[in-house]
Amino acid sequence: MITQTLQHDIDEILPGVIADRRHLHENPELGFQEFKTAEFVRQRLESLGVEDIRTGVAVTGVTGLIRGTGPGEARTILVRADMDALPIHEENDVEYRSRTDGVMHACGHDAHTAIQLAVARLLMERRSEFAGTVKLCFQPAEETPPGGAIRMIEEGVLDDPAVDAAVGLHMSSSDPTGTVRVGGGPVMAGGDLFRITVKGKGGHAASPHLVVDPIAIGAQIVTALQTLVSRETDPMATVVVTVGMFNGGDAFNVIPDTVTFGGTVRAFDMDLLDRTNRRIGELASGIASSMGGSAEVEIMRGYPPTVNDDAMAELVRSAAVAEIGEENVLPADPKMGGEDFSHFLRHRPGAYFNVGHRNEARGITYGHHHPRFEIDEEALGTGMRVMTSSVLHYLKEGL
């Protein structure tokens, strides 16, 4: 039975997978700088006998192929893990804490990479059980929009051989260890960035009637931006507009010429995202002009919404139920955070699922991007089990 043999093999290799994850955690690298991580991945894949290993894809990305030798229809599925860390100084007091000041794996990408290396091993040992090909994709720069996924796609990662479907996973600090969360449709929001520069006419703070105050203009714009959600968006839709930074002026008694502020827009629908971006520009320019100043608005594209294919999500859910039990498979819980696996899903049917790693008894409760973020390493086994089973189900049965 696949479930029994898979669990036995995972139990045997889990200590080594934990060691890999800790090595990666100790040696974090920022986006498009994952040279040592990529070399570690390359060596592991080579030792496993993975074919057609390619490095330097989108600067530091790595790909490899596992070709099945069993009977059946030959499909190709891409399995993706992101490799980059964050510019955060780690505060955890563990023996494997980051050795690089100011850089930390605070989002679980070390676990993603270690899990995928283990999945590669498990699938290499099962090549006789499936036809078709597994394309392993180790991606750089998920944390650095526009991200590494789109660059890998532009460099042909979905071709040679042509990819039919894609799957990926992400650790979840919100869900307990031993659980998986998956569902069809939007699971993460699209997110863009905006920067607004308001230009006025500076002068002495004691003579505001002689100036055009960009701070006052900017304050009006910040307040008015919230009406794009409260008064211009269908209450049944979901959109977030957040101003996260506001800079202007250097002295208490001087009104500056210019202020700059910016933030992010999040939505599950690309049309809504585009409309909100357009209205930010119109609203900022209109308010600034009416108050005697001007506004320059720059929209920086982030990631599109992450939208799971219904059939692929059901395939992953069924595989997870078979492996860890229906009580441990949770429905999708869409988040407003962004993810560049979304680019793969815009080109191919696929599914992105979460692997719970929260363990309150051990104090593993801090959220992603926190300097004390940590994972319960028992969750590595859950990720390996569900991902391996999902890939095997797809290659054996299709959609």
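The values are calculated or read from the model by the stated rules, or taken from the named source; none is laboratory data. Bear in mind the structure is a predicted one, so any value in this text is a computation, not a measurement. In this analysis, Cβ positions are derived from the backbone assuming ideal geometry, glycine residues included, and neighbour counts consider all displayed protein chains.
All of GLY178, GLY168 fail the test of being closer than 30 Å to ILE324 by Cβ and part of a loop (DSSP other than H, G, I, E, B), apart from GLY178. Return yes when ARG372 is within 20 Å of GLY108 (Cα to Cα), out of contact with any strand residue (DSSP E or B) (no Cβ under 9 Å at 6 or more places or on another chain) and at pLDDT 95 or above and no when it is not. Taking the combined requirement at face value, the residue satisfies it. Of all residues in segment 344-381 being among the β-branched types (Val, Ile, Thr) and more than 19 Å from ALA319 (Cα to Cα), which is surrounded by the most Cβ atoms within 10 Å (Cβ to Cβ)? Across segment 344-381, the extreme among qualifying residues is ILE375.
If I filter segment 382-393 down to residues being touching a helix residue (DSSP H, G or I) at 6+ places or on another chain (Cβ under 6 Å) and more than 21 Å from HIS25 (Cα to Cα), which single residue comes out as surrounded by the fewest Cβ atoms within 10 Å (Cβ to Cβ)? Per the stated criteria, the residue is HIS393. Residues that are crowded, with 20+ Cβ neighbours inside 10 Å, of a type in the set (Gly, Ala, Ser) and under 25 Å from PHE341 (Cα atoms) do occur in segment 267-289.
Going by the conditions given, is VAL182 surrounded by 17 or more Cβ atoms within 10 Å (Cβ to Cβ) and under 30 Å from LEU78 (Cα atoms)? Before you say what the answer is, go through the steps one by one.
Details: surrounded by 17 or more Cβ atoms within 10 Å (Cβ to Cβ): yes; under 30 Å from LEU78 (Cα atoms): yes.
The answer is yes for VAL182.
Within segment 323-343, being buried (at least 18 other Cβ atoms within 10 Å of the Cβ) and assigned to a helix (DSSP H, G or I) holds for GLU323, ILE324, ASN328, SER342, HIS343.
Just checking, how many residues over segment 236-268 are under 27 Å from the mean Cα position of the chain (by Cα) and without any contact (Cβ under 8 Å) to a residue 40 or more places away in the chain?
Filtering segment 236-268 for residues under 27 Å from the mean Cα position of the chain (by Cα) gives 236-246, 261-268.
Pick out the ones that are also without any contact (Cβ under 8 Å) to a residue 40 or more places away in the chain and you get 236-237, 239, 241-246.
Count: 9.
Would you confirm whether or not segment 104-119 contains a residue that is of a type outside the set (Ser, Thr, Tyr), in a helix (DSSP H, G or I) and over 19 Å from the mean Cα position of the chain (by Cα)?
Looking only at segment 104-119, we keep the residues that are of a type outside the set (Ser, Thr, Tyr), and these are 104-112, 114-119.
Now drop any that are not in a helix (DSSP H, G or I), which leaves 109-112, 114-119.
Within this subset, residues satisfying the condition of being over 19 Å from the mean Cα position of the chain (by Cα) are 118-119.
Yes, because at least one residue in segment 104-119 is of a type outside the set (Ser, Thr, Tyr), in a helix (DSSP H, G or I) and over 19 Å from the mean Cα position of the chain (by Cα).
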